[in-house]
Amino acid sequence: MNDHHHEHTANERVFNQGADRLRNPERVGRLEVERVVNLSLEGKNINSVLDIGTGSGLFAEAFNNKKLTTAGVDSNQSMIDAAKNFLPNSELKAAPAEALPFNDNAFDMTFFGVVFHEVDDYQKAMREAYRVTSERTSILEWDYKDEDFGPPLAHRLRPEFIKSLADESGYKNFQKIKLNSLVLYILDK
């Protein structure tokens, strides 16, 4: 008798694979979610956050657990559907980073969790993050170096490039924090 075997529909399997991959324990460990959330909130009175490129809602869920009003966008509708399982009471919308469906200063903070390097238009995405945030944007990214994990160097962003985008968008303050595997950029208005 094979009781533990659970039939998946093909559709369900594909859908779960994407979200499961994003919550793979090794990847989650490298992201240092708790530390990143705490550093992102430090020194500011942050009550609301928009997680841009939320994926399965991993970071959104962590911000939500801190009792913040949390919303999320992702360009992929199936990711939004997956995130809804973890964040039933959050506003989650399918939208690109370059066109956020929110008003100016709608959030105290915007957050990019290892997704900024994937946006189509860096300048537009940075300007949009600036527009909808009243205090701060926090960007978790790969370090700019060749490593045996994460994307190849060609897909990684130089700190100078992120800083120039931040300056051009109007951010007053730029901070780079080196983590165990990743880098956290904190941009204050």
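Taken together, the values in this text are just the output of simple stated rules run on the coordinates, not laboratory data. Owing to the predicted nature of the structure, the values given are computational and were not obtained by experimental measurement. Neighbour counts are summed over all protein chains in view; Cβ atoms, including those assigned to glycine, are modelled from backbone coordinates with ideal geometry.
Can you give the extra length, in nm with one decimal, that the chain gains between R131 and D104 once fully stretched, where that is 0.36 nm per residue apart less the Cα-Cα distance?
9.2 nm is the gain from fully extending R131 to D104.
Please give the residues of the stretch 112-147, grouped as numeric ranges, whose backbone N is less than 13 Å from a label point set 7 Å along the Cα-to-Cβ vector of L153.
Flagged as within label range: 144-147.
Compute the angle between helix 10-22 and the longest alpha-carbon principal axis of the chain, please, reported from 0 to 90 degrees and rounded to the nearest 10.
Orientation of helix 10-22: about 40 degrees from the principal axis.
Using only the Cα atoms of the stretch 10-188, build the gyration tensor, take square roots of its eigenvalues as a ≥ b ≥ c, and label the shape rounded, prolate or oblate: rounded if a/c is under 1.5, else prolate if a/b is larger than b/c, else oblate.
The shape class here is rounded.
Please order R136, R127 by the number of other Cβ within 10 Å, starting at the fewest.
Exposure proxy ranking, most exposed first: R127, R136.
Considering only L100, L68, L87, give the residue with the highest GNM mean-square fluctuation for the chain, with springs between Cα atoms whenever their separation is below 10 Å.
Result for the chain, Cα springs under 10 Å: L68 fluctuates most.
For the residue pair D121 and S78, what label-to-label distance in nm results when each label sits 7 Å from Cα along the Cα-to-beta-carbon direction?
Output for this residue pair reads 2.7 nm.
For the chain, set up a GNM with springs between Cα atoms under 10 Å and report which of A83, A97, A62 has the largest fluctuation.
A62
³J(HN,Hα) across the stretch 93-107 via Karplus (A = 6.51, B = -1.76, C = 1.60, θ = phi - 60°), whole Hz, x for Gly/Pro?
After applying 6.51 cos²θ - 1.76 cosθ + 1.60, I find 9, 7, 6, x, 4, 7, 8, 7, x, 9, 6, 4, 6, 5, 10 Hz.
Give me the aspartates and glutamates in straight-line cross-link reach of K67: C-alpha distance below 20 Å, same-chain residues under 8 apart excluded.
E32, E34, E42, D51, E91, D108, E135
Considering the options A94, I177, L153, tell which one lies farthest towards the positive end of the dipole of the chain, charges being +1 on Lys and Arg and -1 on Asp and Glu at the Cβ, about the Cα centre.
Working it through, the farthest residue towards the positive pole turns out to be I177.
Please identify, among D108, D81, D146, the residue showing maximal mean-square fluctuation in a Gaussian network model of the chain using a 10 angstrom Cα cutoff.
Result for the chain, Cα springs under 10 Å: D146 fluctuates most.
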